[in-house]
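Notes follow once the structure below has been shown.
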Amino acid sequence: MAILLPEQIFNLAPNVGKSYYENLTGGDPATITVNNFSEGAVALVITRVNEPVTTYVIPGFNSLSLTVDNLLVAALLTGTVPAFGSIHIATAV
């Protein structure tokens, strides 16, 4: 069964991080889509069960979709400039 979480809009100030998904009870397969509508880059930080933390930098006016297994945390982190856009997460249980 898939669980589609509502699309979340982000508007983050410079040097700010925010978690948009947390499941600390074991992780789930998930698909994550980030749309960056700002000029500055935003980093998608992924934490999975028994895996190193992975960071994907999404340049301004770009998007990224990926599928991961055993997702624990999905967070966004800005650099020296603010960023805004949307993040959408779907999990399979």
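So here's what we get for this one:
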item	result
Portion, in percent, of the accessible area of the chain that falls on carbon or sulfur, probe 1.4 Å	58
Relative contact order of the chain, pairs being alpha-carbon contacts under 8 Å that are 6 or more residues apart, as %	50
For the chain, size of Cβ-based charge dipole, Lys and Arg +1, Asp and Glu -1, in debye	100
Under 17 Å from the residue 11 label point (7 Å along Cα→beta-carbon), backbone N, segment 49-73	none
Orientation-averaged projected area, Cα convex hull of segment 2-92 (nm²)	5.1
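The values are calculated or read from the model by the stated rules, or taken from the named source; none is laboratory data. Predicted, not measured: the structure shown is a model, and the values here were computed from it. For neighbour counting, all protein chains shown are included, and Cβ atoms are generated from backbone atoms with ideal geometry for every residue, glycine included. The protein model used for the area step is the full one, side chains on, heavy atoms only, and it has no ligands, DNA or RNA in it. Shrake-Rupley method; radii C 1.70, N 1.55, O 1.52, S 1.80 Å.
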